[in-house]
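The values are calculated or read from the model by the stated rules, or taken from the named source; none is laboratory data. Keep in mind it's a predicted model, so treat the numbers as computed, not measured. With ideal geometry, Cβ positions are generated from the backbone for all residues, glycine too; neighbour counts draw on all protein chains shown. Ligands, DNA and RNA are excluded from the accessible area calculation, which covers all protein heavy atoms including side chains. Shrake-Rupley method; radii C 1.70, N 1.55, O 1.52, S 1.80 Å.
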Amino acid sequence: MHDVVIIGAGPAGLSAALWCDELGLDTLVLEQQAEIGGQLNSIHGPIENYPGLRAPNGQEFLKKFSERVEAADFDLWRSAEIAKVDLKAKRVELLSGEALQSIFIVIATGVRRRQLGIPGEKEFAGRGIIESPTRDRAQFAGQDVCVIGGGDAAAENALLLAEVCPTVTLVHRSRKLKARREFAEQLQGQHCITVFPESGVTRILGSDRVEAVEILRKDALKPFQMAVRGVAVRIGVEPNTELIHGQIQLDEQGFALVTSEQETDVTNVFAIGDVCNPLAPTISTASGNGTTAAKIIASRLQQKSS
Ligand SMILES: Cc1cc2nc3c(=O)[nH]c(=O)nc-3n(C[C@H](O)[C@H](O)[C@H](O)COP(=O)(O)OP(=O)(O)OC[C@H]3O[C@@H](n4cnc5c(N)ncnc54)[C@H](O)[C@@H]3O)c2cc1C
């Protein structure tokens, strides 16, 4: 029996765990990946907006986080695959067969990349679909590529790919890019990047690997094909809430709904970080949510024992 089981070891889950540890709670964190850090592992640019700490990229930021995590006294299980959660009963079953019982559950499962759902996207996974512009850099160097999306992630990916690709075509739906100003300005200065606003990619084509995309511009009657060897889909995120579907109240996009104490509509079940925060998904809000949940949990446990 643990006081708290936290699901997810991104900034939200780790912040909650650090506070739970400081407040003397018996805490277990379950992370499905072999690595902790969540989206920090996908941040390739500098992090300059977290109070008091700057880092050249997410990995360096995570190193500082990890130092604190290693010094703390909570349990952290990596590669922990959860088969089932019963939020009312506060029971978690792992695929390995273990069953865990706790008094509180904290959901910190974050978000994942949204898929477009167009033909070719799934079929060419690993064969021209770009997962990471830094990790896949060598593979796509010297190739023409396409990035789909108009937000920060799309702009950052286009800029990173432009360092090694002869042409980068950025296709996005709106009239203006949604990416932060700093990225938009950098895009303008790159001659190899072409931006197609008010446009969509309708198909990804090829035989063995990606060979072309089909693009439909808003005012055009017919789509046209453009030869590319790589496609990065960066059209936003969706919450990782499948595990708890039907057990707590979610908004229409699947994000967890919480009170100002980060509690869901199931007593003693909390949600923190991006999984409940579509409006301000940042490291600092994730960390703040984690702190709030830990403090509320500690005070409830104290009330119970006094
Ligand atoms: C490219 C990029 C740039 C960014 N730049 C910045 C920036 O400059 N400043 C800033 O403040 N923020 C930035 N962010 C956002 C920031 O990274 C997120 O807001 C933050 O990571 C959210 O933390 P989280 O813990 O809520 O979720 P996540 O980081 O998504 O972590 C969730 C964790 O839960 C795990 N998980 C999911 N499902 C399960 C399950 N069923 N069982 C067990 N574990 C599970 C995941 O594997 C993951 O480790 C950026 C994000 C990206 C992608």
Could you please tell me which pairs satisfy a Cβ distance under 8 Å, a separation of 6+ or placement on different chains, a first residue in the range 198-223 that is over 20 Å from ILE235 (Cβ atoms), and a second residue that is open to solvent by 40 Å² or more (accessible area, probe 1.4 Å) and in a strand (DSSP E or B)?
GLU211/ALA227; LYS222/LEU216
In the range 245-297, how many are within 23 Å of GLU48 (Cα to Cα), among the small types (Gly, Ala, Ser) and assigned to a loop (DSSP other than H, G, I, E, B)?
1
Which one of these does GLU67 not meet: (1) under 20 Å from GLY288 (Cα atoms); (2) acidic (Asp, Glu); (3) over 23 Å from the mean Cα position of the chain (by Cα)?
(3)
Within the range 225-240, does at least one residue satisfy the condition of being away from the ligand (no atom under 11 Å from the Cβ), free of Cβ contacts under 8 Å to residues at least 24 places away in the same chain, in a loop (DSSP other than H, G, I, E, B) and farther than 24 Å from GLU156 by Cβ?
no
Kindly list, by first and then second residue, each pair from a residue in the range 77-101 that is at positive phi to a residue that is surrounded by fewer than 16 Cβ atoms within 10 Å (Cβ to Cβ), limited to pairs with Cβ atoms under 9 Å and residues at least 6 apart or on different chains.
SER79/GLN33; SER79/ALA34; LYS90/GLN101; GLY97/ALA83
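In the range 226-244, is there at least one residue being of a type in the set (S, T, N, Q) and either under 26 Å from LEU170 (Cα atoms) or open to solvent by 70 Å² or more (accessible area, probe 1.4 Å) (or both)?
no
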